[in-house]
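Inspection log for the structure reproduced underneath, given as structure tokens.
The values are calculated or read from the model by the stated rules, or taken from the named source; none is laboratory data. Computed from a prediction, not measured in an experiment: that's the story for all the values here. Every residue, glycine as well, gets a Cβ built from its backbone with ideal geometry; the counts of neighbours run over all protein chains shown. Just the protein is used for accessible areas: all its heavy atoms, side chains included, with ligands, DNA and RNA removed. Shrake-Rupley method; radii C 1.70, N 1.55, O 1.52, S 1.80 Å.
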Amino acid sequence: MGESSEVVLLGTFGSSYCKRVELALKLKGIPYAYVEEDLTNKSDLLLRSNPVHRKVPVLLHNGHPICESLLILEYIDEYWSHAPKLLPEDPYTRSQIRFWADFYDQKVRLASYLVLKTKGKDQDKAREDLAEVLRVFEEGIQRDFPTKSPFFNGENLSFLGVVIGTNACHYQAFEEAIGKITDPQRNELFFSWVDELKAHPLMRENLPPHDKLVAKMKAKFFQTPKVAV
Ligand SMILES: N[C@@H](CCC(=O)N[C@@H](CS)C(=O)NCC(=O)O)C(=O)O
């Protein structure tokens, strides 16, 4: 498909939804302009481009908006269909990858958000729930991908690697800001995958600066001052 394209990403600092799109663009070698959104004062461009959810990321491709990060990744892989591919060719394997990416967004992210938002006994319960959701993820990945890591495509990061890594690789910043999120001993396999993803140079390069992220998380979860989610 087309080579001469104008690509603009509307994003916000510290958002792993936005980081996954940036990482996919970098992996594919697609030049893009980045526009930082202030979510406490959303731009007209954002509101016009994503009138339904009013969220970032939004990818503007030759002026056409594409919303929802997982759908943006698929669009990138389909439009710029050259290697490295994010998704595999086989339709069944693609559906499995999409299933676990969706599971991660729906279940793992929600469970970790609840750990960040709660305190005391509620937080202990939220931590248990997160460990259980991660266990289901570990079991599912092992069952569905017994011979080949779904997080890499050869030397390159894959769709699932991008999705999981941009969210999980900076969990230490969350822990520094908020306290223990979960016990790596309980989900050793998951955290071994996170370590492998973090060892990838492009992943490391693309992670937000640790100290800046800690400061943002403190402000967000301790509400000093208020920062939009
Ligand atoms: N499901 C969306 C989630 C995006 C999302 O939650 N974006 C947050 C920033 S991390 C946002 O724009 N929040 C603004 C708001 O909720 O008003 C996706 O995958 O793109």
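Things to note:
- Over the chain, relative contact order from alpha-carbon pairs under 8 Å, at least 6 apart, %: 21 percent
- 10 Å Cβ shell holding at most 16 others, DSSP loop, GluC sites (Glu not before Pro): longest site-free stretch of the chain: 7-88
- Heavy atoms of the protein chains alone define the surface here; on that basis region 17-91 has 50 Å² accessible area per residue at 1.4 Å probe size.
- Here region 7-79 is assigned +1 on the Cβ of each Lys and Arg and -1 on the Cβ of each Asp and Glu. Its dipole about the Cα centre then comes out at about 80 debye.
- Share of carbon and sulfur in the accessible heavy-atom surface of the chain [1.4 Å probe, %]: 54 percent
- Helical runs assigned H by DSSP (4 residues or longer) give the chain a calculated mean residue ellipticity at 222 nm of -16500 deg cm²/dmol, each run adding -39500 (n - 2.57) before division by the residue total.
- Full-extension gain in nm, Leu189 to Arg143, via 0.36 nm per residue minus C-alpha separation: 15.2 nm
- Rounded if a/c under 1.5, otherwise prolate or oblate - region 7-79, Cα gyration tensor axes: prolate
- Asp124/Glu89 FRET efficiency (R0 35 Å; Cβ-Cβ; nearest 0.05): 0.20
- Relative to the 2.2 N^0.38 Å rule of thumb, region 130-229 has a C-alpha radius of gyration ratio of 1.18.
- Coil-residue trypsin sites (Lys or Arg not before Pro) of region 156-229, DSSP, other Cβ within 10 Å capped at 16: Lys180, Arg186, Lys226
- Per-selection metrics, the chain (Cα): Rg and Dmax in Å: 17.6, 55
- Nitroxide proxy distance, nm - points 7 Å out along Cα→Cβ at His53 and Glu175: 2.9 nm
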